[in-house]
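One structure below.
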Amino acid sequence: MLIRTLRTALIALCLPALAHADEPDLDNGRDINGTCAACHGENGQGGKQGEYPRIAGQSAKFIEFTLKSFRARERINLPMFPYTQDRELPDEDIRDIAAYLAAIELPTKPPKFKDSDDALTRLTAMQKVMIIPRVEGDIAAGKAIFEERCTTCHGDDGRGKRIVPMLTGQYTNYLMRQMQSFQAGERPHDEETPGEGVLKGLKEAELQNMLAYITTLQNTEDK
């Protein structure tokens with residue numbers, strides 16, 4: 001009876017620890033982000049010219065999926081490969097950095113400051129503001145293509161879900177390069193045959209029209 005009681009007590013003590021074992025460690029994610037920040041910025045906002053994508057606010061599932069794809073070389077990106085090897089970024093770290101980045105919110109409108117806010121406070125707040133400039137293109141035509149080919153996976157608002165990335169609030173230069181990579185079969189997509197699928201046959205002007213439309217969706221992030 002005593003042994004059974006002790007066993008029950010031990011199980012009761014262990015259950016809370018087991019329940020939290022798979023929960024992300026955001027402090028560890030913040031530490032890992034120190035390496036990511038060299039390219040993607042302290043707030044995961046990416047490069048100002050789209051040379052590095054925005055990763056803040058992407059779903060944790062998508063970030064995990066992408067990092068593991070880099071690590072396995074299923075998606076080829078030479079700068080990312082050394083950072084994602086097992087010895088440097090095991091599954092637990094991938095989970096933690098994914099959760100940390102997913103939780104970062106980048107507003108699309110400048111905040112309202114108080115007269116008492118000093119210069120550092122204002123600068124720090126403004127560094128988190130993510131405003132993607134409108135680009136040239138036929139917005140109506142771009143909307144038609146986007147709704148026909150993209151909303152099933154990326155959603156009507158372009159915010160994606162699970163392992164499907166958010167397009168809204170992403171740098172348009174970066175998005176154009178990725179769409180061209182999909183068309184050329186250089187980056188894997190959902191389709192089994194490289195270069196096939198939803199973007200097949202679209203001309204650069206049509207891709208540009210979609211980008212023009214996507215930039216109109218950004219303000220929906222704050223709603």
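The values are calculated or read from the model by the stated rules, or taken from the named source; none is laboratory data. Predicted model only: the values in this text are computed from it and were never measured. Ideal geometry is used to build each Cβ from the backbone, glycine not excepted, and the neighbour counts take in all protein chains shown.
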Quickly run through segment 69-110 and pick out the residues that are within 22 Å of residue 164 (Cβ to Cβ), charged (D, E, K, R) and not in a helix (DSSP H, G or I).
73, 74, 75, 105
Being of a type outside the set (D, E, K, R) and either closer than 25 Å to residue 162 by Cβ or not in a loop (DSSP other than H, G, I, E, B) (or both) is the filter here, so list the residues in segment 111-132 that pass it.
119, 120, 121, 123, 124, 125, 126, 130, 132
Which one is surrounded by the most Cβ atoms within 10 Å (Cβ to Cβ) among residues in segment 208-223 that are at pLDDT 95 or above and either among the hydrophobic types (A, V, I, L, M, F, W, C) or more than 22 Å from the chain's Cα centre (by Cα) (or both)?
210
From 97, 11, 76, grab the single residue that is among the hydrophobic types (A, V, I, L, M, F, W, C) and at pLDDT 90 or above.
97
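Quick grid of which residues meet (1) in contact with a helix residue (DSSP H, G or I) (Cβ under 9 Å, 6 or more places away or on another chain); (2) closer than 25 Å to residue 158 by Cα; (3) of a type in the set (S, T, N, Q):
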{"site": "51", "(1), (2), (3)": "yes, yes, no"}
{"site": "56", "(1), (2), (3)": "yes, yes, no"}
{"site": "82", "(1), (2), (3)": "no, no, no"}
{"site": "113", "(1), (2), (3)": "yes, no, no"}
{"site": "119", "(1), (2), (3)": "no, no, no"}
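Could we say that residue 64 is among the acidic types (Asp, Glu), under 15 Å from the mean Cα position of the chain (by Cα) and either on the phi > 0 side of the Ramachandran plot or surrounded by 18 or more Cβ atoms within 10 Å (Cβ to Cβ) (or both) here? Walk me through how you get there before you give the answer.
Working: among the acidic types (Asp, Glu): yes; under 15 Å from the mean Cα position of the chain (by Cα): yes; either on the phi > 0 side of the Ramachandran plot or surrounded by 18 or more Cβ atoms within 10 Å (Cβ to Cβ) (or both): yes.
Criteria met by residue 64.
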Scan segment 150-158 and give yes if some residue there is touching a residue at least 60 places away in the same chain (Cβ under 8 Å), within 16 Å of residue 209 (Cα to Cα) and crowded, with 18+ Cβ neighbours inside 10 Å, otherwise no.
yes
Is at least one residue of segment 196-207 under 20 Å from the mean Cα position of the chain (by Cα) and either at pLDDT below 90 or not assigned by TED's automatic domain parsing to the domain that holds residue 68 (or both)?
no
Out of 145, 132, which single residue is at pLDDT below 90, more than 23 Å from residue 67 (Cα to Cα) and buried (at least 18 other Cβ atoms within 10 Å of the Cβ)?
132
Do we have residue 183 as in contact (Cβ under 8 Å) with a residue 60 or more places away in the chain and of a type in the set (S, T, N, Q) here?
no
Just checking: which of the helices (runs of 4 or more DSSP H) contained wholly in segment 138-192 hold 3 or more residues that are closer than 20 Å to residue 53 by Cα?
172-184
